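Everything below concerns the one structure shown next.
The values are calculated or read from the model by the stated rules, or taken from the named source; none is laboratory data. Owing to the predicted nature of the structure, the values given are computational and were not obtained by experimental measurement. Don't worry about glycine lacking a Cβ; one is built from the backbone with ideal geometry, like all the others, and counts go over all protein chains shown.
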Amino acid sequence: MTTVPASPLSVPPVGRRPGHWRVADDGLASRSARSRGTGPYEASVPAALATPALQLALPGDLAADIADAETALAAFDAHAAASLGADHPALGPMSAVLLRTESASSSQIEDLTVGARQLALAELDESRSGSARAVVANVRTMEAALRLAATVDLAAIFAMHAELLAGAEDAGRLRQQLVWVGRSGLSPLGAVHIAPEADDVLPALEDLLSFVARDDLPVLVHAAIAHAQFETIQPFTDGNGRTGRALVHAMLNGKGLLTTTAPVSAGLLTGLGAYTSALNAFRTGDARPIVEEFARAARYAAATGTRLVDDLAAQLDEDRERLAGVRRHALAWSVLPRLIGQPIVNAAHLQRTLGVPAMTAQRALAQLTDSGVLQEATGRSRHRVWQHPGILRILDAYATEVRRSD
């Protein structure tokens, strides 16, 4: 039986700009390494998406796939809001945990792997893990993306990147040198992708943001192509992947497909080789693979995210039963749903987030501990933290399911 090739989703391929690279003789590279790394290269010149406006002929089967994936995401979004978002409709506990789950998956694509406990400790500034702090920075980037979703412009992109690399000299600033993906850090020769020359970055980024402003494309198709173009441009020296995936969520929310956060990066993470190949196919003129990868990732996010929501909702119901003996106006009841988003807490965190005195915060922690909801995790008399072992187990189980696949 002959298999009929899938119809491509044609987009303009990248152009090429020749250059010549010379590895500096700074004493850090051997003579042979300098020789191998010196020679001609071709930097990418991203095709214009906005001028003239990109015309997309979406094949029927791909259009149906996208419609199904968008329906699944919308159903998940409604389910998440109904299950765990009622206590805090704007920034509820489910939004917090989904945002962290998405941020952790996006970071793992960049080989930054952090467990739920270390991530929660880092939110309290109680972790010594550099990777955990990096993932928390990615959480801040995602928060910025959602906050700025209504208007995705240059200022918004710079703000996302500034949150990601807070404190770095080039945070929120376009790169001034050539960057590339793969092979050697010494030379672009033989790289998987050589990004545009620095002078080409701003015009390409402005064209991309004009494309993002369109409102006539299926949201998932729109986000997939915009993401692929962003990763082609590589506008920053570092953090392009995580910023580019934050851009996806800004579009999914800003264009109305989601009101919370879906773990789309978790889906990309489980097929990382296909995701990388799809980015390369986009650069050669076929956007179908990257759109298919986003559709697959969206379905994965909806299915696994729904199970995660249900597991956390069940845990919350169990905890409410444990707190049945505590009077209903006690602070412990207000703390309980927040543990979904922050399963490790201390008194200072409760004081800051709930605006209560130290004694009130301590009383709530004691009630939650006596009820079996929380466990004191340090064994110290000072600088103590309390953790919710059930929620941490659920989050770690989800992280085990969502493993990086090369």
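If you take the residues of segment 297-324 that are in contact (Cβ under 8 Å) with a residue 40 or more places away in the chain and under 12 Å from Leu73 (Cβ atoms), which of them is surrounded by the most Cβ atoms within 10 Å (Cβ to Cβ)? So, considering only residues that are in contact (Cβ under 8 Å) with a residue 40 or more places away in the chain and under 12 Å from Leu73 (Cβ atoms), the one surrounded by the most Cβ atoms within 10 Å (Cβ to Cβ) is Ala298.
Can you tell me which residue within segment 306-327, out of those that are within 22 Å of the chain's Cα centre (by Cα) and at pLDDT below 90, is farthest from Arg338 (Cα to Cα)? Ranking the candidates gives Leu308 first. Output the number of residues of segment 51-82 satisfying the condition of being among the small types (Gly, Ala, Ser), assigned to a helix (DSSP H, G or I), surrounded by fewer than 19 Cβ atoms within 10 Å (Cβ to Cβ) and in contact (Cβ under 8 Å) with a residue 12 or more places away in the chain. Selection size over segment 51-82: 5.
Residues in segment 174-196 that are surrounded by 14 or more Cβ atoms within 10 Å (Cβ to Cβ) and more than 22 Å from the chain's Cα centre (by Cα): Leu178, Ser184, Leu186, Ser187, Pro188, Leu189, Gly190, Ala191, Ile194, Pro196. In this structure, Trp386 does satisfy being buried (at least 21 other Cβ atoms within 10 Å of the Cβ) and either more than 29 Å from Ala297 (Cβ to Cβ) or without any contact (Cβ under 8 Å) to a residue 24 or more places away in the chain (or both).
With respect to the conditions (1) surrounded by fewer than 21 Cβ atoms within 10 Å (Cβ to Cβ); (2) at pLDDT below 95, Gly341 falls short on a single one, namely (1).
Restricting attention to segment 270-296, the residues that are in contact (Cβ under 8 Å) with a residue 60 or more places away in the chain and either over 18 Å from the mean Cα position of the chain (by Cα) or under 18 Å from Ala72 (Cβ atoms) (or both) add up to 16. Within segment 199-214, the residues that satisfy the criterion of being in a helix (DSSP H, G or I) and not hydrophobic (A, V, I, L, M, F, W, C) are Asp199, Asp200, Pro203, Glu206, Asp207, Ser210. Write out, first by first residue and then by second, each pair whose Cβ atoms fall under 8 Å of each other, whose residues are 6+ apart or on separate chains, and whose first residue, in segment 349-368, is more than 11 Å from Val335 (Cβ to Cβ) while the second is hydrophobic (A, V, I, L, M, F, W, C) and surrounded by 14 or more Cβ atoms within 10 Å (Cβ to Cβ). Between residues of segment 349-368 that are more than 11 Å from Val335 (Cβ to Cβ) and residues that are hydrophobic (A, V, I, L, M, F, W, C) and surrounded by 14 or more Cβ atoms within 10 Å (Cβ to Cβ), the close pairs are Gln351/Ala361; Ala358/Ala347; Gln362/Ala347. One residue alone among Ala281, Ala287, Ala246 is out of contact with any Leu (no Cβ under 7 Å at 6 or more places or on another chain) and closer than 22 Å to Pro13 by Cα, and that residue is Ala281.
Here the helices (runs of 4 or more DSSP H) wholly within segment 231-294 that include at least 2 residues being among the basic types (Lys, Arg) and surrounded by 24 or more Cβ atoms within 10 Å (Cβ to Cβ) are 240-254. Exactly one condition in (1) touching a residue at least 40 places away in the same chain (Cβ under 8 Å); (2) more than 18 Å from Ala246 (Cβ to Cβ); (3) surrounded by fewer than 19 Cβ atoms within 10 Å (Cβ to Cβ) is not met by Asp153; state its number. Of (1) touching a residue at least 40 places away in the same chain (Cβ under 8 Å); (2) more than 18 Å from Ala246 (Cβ to Cβ); (3) surrounded by fewer than 19 Cβ atoms within 10 Å (Cβ to Cβ), only one is false for Asp153: (2).
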